[in-house]
Amino acid sequence: MAKGGIVSLPNLARVLLQLRLTFRRCGVDALLAGVLLLAAASLWLALLPSLAARIEQQTRAVTLARTAPPPKPVVTAPAMAAARLAAFYSALGDAAHSEQIVERLFDAAEESGVTLDKAEYKPARDTAGRFETYTIVLPVKGDYARLRRFCERVLLSVPYAALDDMRFKRSSANDATVEASLRLTVFLRPVASPDTGEVRR
């Protein structure tokens with residue numbers, strides 16, 4: 001080879017002659033095998049990086065699938081509605097023990113330091129919803145902080161009650177005592193008949 005990387009004619013002729021002699025010595029079968037081997041090696045080297053990338057990607061996907069939380073079971077709309085209805089009825093109070101509600105109201109008044117002398121009750125029935133209600137009007141007296149504490153205690157001790165209305169009255173601007181009228185609605189499960197187990201209508 002000459003300087004500058006240029007192959008001279010005598011050297012090129014010598015290389016070509018050596019190749020011809022090698023091909024004649026090996027024969028056509030060996031030459032074909034060499035070409036096939038060279039082609040296979042080239043193909044393998046070309047495909048190897050893409051195969052390795054695909055294997056790595058699939059390994060990551062399998063690992064991700066194994067660590068993912070299991071899918072939630074599919075709940076049909078009727079089953080979900082039935083579950084919500086059951087949860088609603090289980091949250092209602094028991095109409096058979098409505099006297100406990102009165103006790104809790106007076107206990108909450110005593111613990112909060114408000115005056116509760118009487119309570120007015122009005123029962124009702126929601127036929128479509130199959131539950132009973134008691135509307136309770138409570139005239140109470142006390143300062144604002146005690147009245148607020150009383151309302152909180154009532155709603156905590158009777159979780160199936162809703163505070164519908166509050167009305168306040170004060171005799172004078174300087175008077176710390178407030179007269180309040182609170183209206184609660186208590187939601188109750190109907191009493192079942194002991195004989196048939198049917199709900200009372």
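Read the figures in this text as sums done on the coordinates, not as results from a lab. Here the structure is a predicted model, which is why all the values come from computation and not from measurement.
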Taking each pair of different alpha-carbon atoms in the range 36-106 once, compute 1/r for the pair, average those values, and report the inverse of that mean as the Kirkwood hydrodynamic radius in Å to one decimal.
19.2 Å
Is the C-alpha gyration tensor of the range 88-189 telling us rounded, prolate or oblate? Criteria: a/c under 1.5 is rounded; beyond that, a/b larger than b/c is prolate, otherwise oblate.
prolate
